[in-house]
Each structure stands twice: as structure tokens, then as C-alpha cells.
1. In degrees from 0 to 90, rounded to the nearest 10, what is the angle of the helix 52-61 Cα long axis to the longest principal axis of the chain?
2. Report the residue, chosen from 81, 57, 188, that carries the largest GNM mean-square fluctuation when the chain is represented by alpha-carbon nodes joined by springs under 10 Å.
3. With a 10 Å radius around each residue's Cβ, average the other Cβ atoms per peptide and rank 40-47, 298-305, highest first.
4. Show me, bin by bin at 10 Å from 0, the whole-percent P(r) of the chain based on Cα pairs.
5. State the percent of C-alpha pairs, over all pairs in segment 8-133, separated by a distance greater than 19 angstrom.
6. Measure out, as a whole number of angstrom, how far apart the alpha-carbon centroids of segment 77-95 and segment 98-122 sit.
7. Loop only by DSSP, 13 or fewer other Cβ within 10 Å of the Cβ. Give me the GluC sites (Glu not before Pro) in segment 1-51 that pass, ordered by residue number.
8. Net charge within 14 Å of residue 246 by Cβ-Cβ distance, Lys/Arg positive one each and Asp/Glu negative one each, not counting residue 246 itself?
Amino acid sequence: MSEKADIRSYTYDELCHLITDMGQKPFRAAQIFEWLHGRSAVDISDMTNLSKELRSRLSQEYVIAGLKPVKKLVSGIDGTRKYLHALNDGNIIETVLLRYDYGNSICISSQVGCRMGCRFCASTTGGLVRNLTAGEMAGQVYSVEADIGEKISHVVVMGSGEPLDNYDNFTRFVDIITDPRGKGLSGRNITASTCGIVPRIRELADRKYSFTLALSLHAVSDEKRKEIMPVASSYPLEQVLDACRYYFDMTGRRITLEYSLIEGFNDTKEDGERLAVIASGLKAHVNLIPVNPIEERKYRATGLQGIAQIKNILEKNRINVTIRREMGRDINGACGQLRRSFITGEENA
């Protein structure tokens, strides 16, 4: 027997085709979409304004991809919440809730694991297991909303995985989560991080998405990027920056440059000056990130004085710069840390 399809991964237009092919009135598609993404239904049987016959038929062929919370940690420092969700196949993913003055922001995963191999990231140490469906990405948002009893206002796709390595499911997720017939989240309240997959950045630009693209830069030369980011061997820095400029030109959305500061590696005065040139050329915002130490690597975060030096260089060059707040550090807040420790604990039990 073939596996049932995840109906939560269907766009509104796809649901319309599905429903009309079943001989149903088109308005049923709007009802189902609203149940899935407006009311965050977890079971087709919950859709009480559909006939029992239709619910039964849908249940025979489709499923709402489940996410079961298996662990939740709450930071005693800042209230950050970190969740481990179990998927239907038993795989584990991470989701993080970040509370800000402007609203509730959620950092979701786009893959189980990651194959990009960035050497400072815990998410990639076990490689890629599989891609998440659009429904599983959306399900992280709805699961956390159900837990806190509040709406999520901002979504950041910066958890485990490279979203542009899961391009079709990621763009489908964006189309679904921004659809006003469901969640209706503003595209401007979505940020997606990429290590720099050039063809996909250009495709996003051509589709004129309105979300913020964050480039994981982390080094200002090809040589240094190749040391810590294998993707740099496929896409040289200048190609990546050209693609980012194209994204800005096509969408009008300012690029954010993510820059993890690693002591003695990418935090010199020369690095700061080159970073300023790159940011100026893109009219980009720079987010400085003290690197999170992980057991498998020897990297250490740049100290406060070094961070201040880079920040001052950028500000002198009129670059908009922030230093990322270290939220949830007491609960393994960085990407991949909690999932990895959970899996290791199970394996060693």
C-alpha cells in the first residue's frame, strides 16, 4: 500500500484541482485550506463543516503530516523555548521560539540534518537525512502556536538544513504560509538563510519573493570560505554576491549578511574592512554572530573587544550592523545542538 500524501503540503490551487477532480464544489477547497492553515487542524476528522463522506474519502487517501513535541526546554535567561519535534517516520527536528518586543518569532528547520558541511555548525555533523515537506515546515509554526496559545508573527528559516537545498518544498511552504486564505503571514516577516546556492538565489529573484534573504557569509575571501564552507568550492564568492545583488534589484528587499566571528580566523581588522566593502556594495545589513562552540570543532568565539572592533569598522563605513543576541544559550540554543545531544543520548542509553 502506497504512503498517503500530506494534504497540508498542497497549495490552495492544488487543493482546488484535487477537490474538483473528486466531483466536489470548488468552495470546499477554501474550507479545507482554512482548516489546515487558519485553524491548524491536526486531523481530517476535525473538519466538521465537511460531510462525513468527504472526510472519510480524504482520510483514506491523505494525511496531515504529524509533528509530535517530544521535548521542550525553556530558557531561564530570556524565555526562549526550544522544541524537539518527532515526525511521522520517527526523525527528530528542532524548532525555536524567540520572544521579542515586536512579536513572537519562530526559527524552523527545513531539513532533517544538512549536507552543506559548514564546519562551525552542529546541524551538519550527521549529514542530511531527508528534506522536510512544506507541511512539516508549516506544522512547526502551528505546533508552537498551539503550545503558547499565541500567534507567531515572524518566521525565520535558519534551523537545521539549507532551505535552498530543499527548494521546491521551501518555496511551496512560503506560498502556503503567506496565503491570505490560511495563515496569511506577510512575506516581509519571513527571513530565509542560505549558504549561497547561486542558481536558486536567482530563481527566487525571478519569482519576486518579498521575504528577506540572509546570506551566510562568514568569511570575506574564497580561500577562507572554502576552509569552513564546502559550498564555496562550487560557488565562488563573487558569483554569490552577484546573485545577491540580482535578488535585491529584482525584489527591492535588502540582503542581510550573517557573519559568525571565529577567534583568530575571520576577525582581523583587514577582515572587517573587506566586510565593509562587501556590505556597502550590496547595501546590506550585517549581523555579527559570536560563533557557538561545538564539541567536534576547535573554533572559539571572538571576544568582546574583537567584536567591537569589527562593529566599529562597519559603522565608520556607514554599514547598518547588529550583534546577534545570544538567546537560549542555557538550553542549547544554537542550530542542531539539542537534536544532536538528544540523539546521542538515545544511542548511548
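1. 50
2. The residue that fluctuates most here is 57.
3. Details: 40-47: 17.2, 298-305: 14.4.
Descending packing order for the listed peptides: 40-47, 298-305.
4. Reading the bins upward from 0: 5, 24, 32, 24, 10, 4, 1.
5. Values: 4820 of 7875 pairs.
Beyond 19 Å sits 61 percent of the P(r) for segment 8-133.
6. 11
7. Numbers: sites: 3, 14, 34; in loops: 3.
In loop regions of segment 1-51 (DSSP not H, G, I, E or B), the sparsely surrounded GluC sites (Glu not before Pro) are 3.
8. Working: positive: 200, 202, 207, 208, 245, 253, 254, 283; negative: 203, 206, 238, 242, 249.
Residues near residue 246 contribute +3 overall.
Every number in this text was worked out from the coordinates using simple rules, so none of it is lab data. Everything numeric in this text was worked out from a predicted model, so none of it was measured. Here the Cβ is made from the backbone with ideal geometry for all residues, glycine too, and neighbour counts use every protein chain on show.
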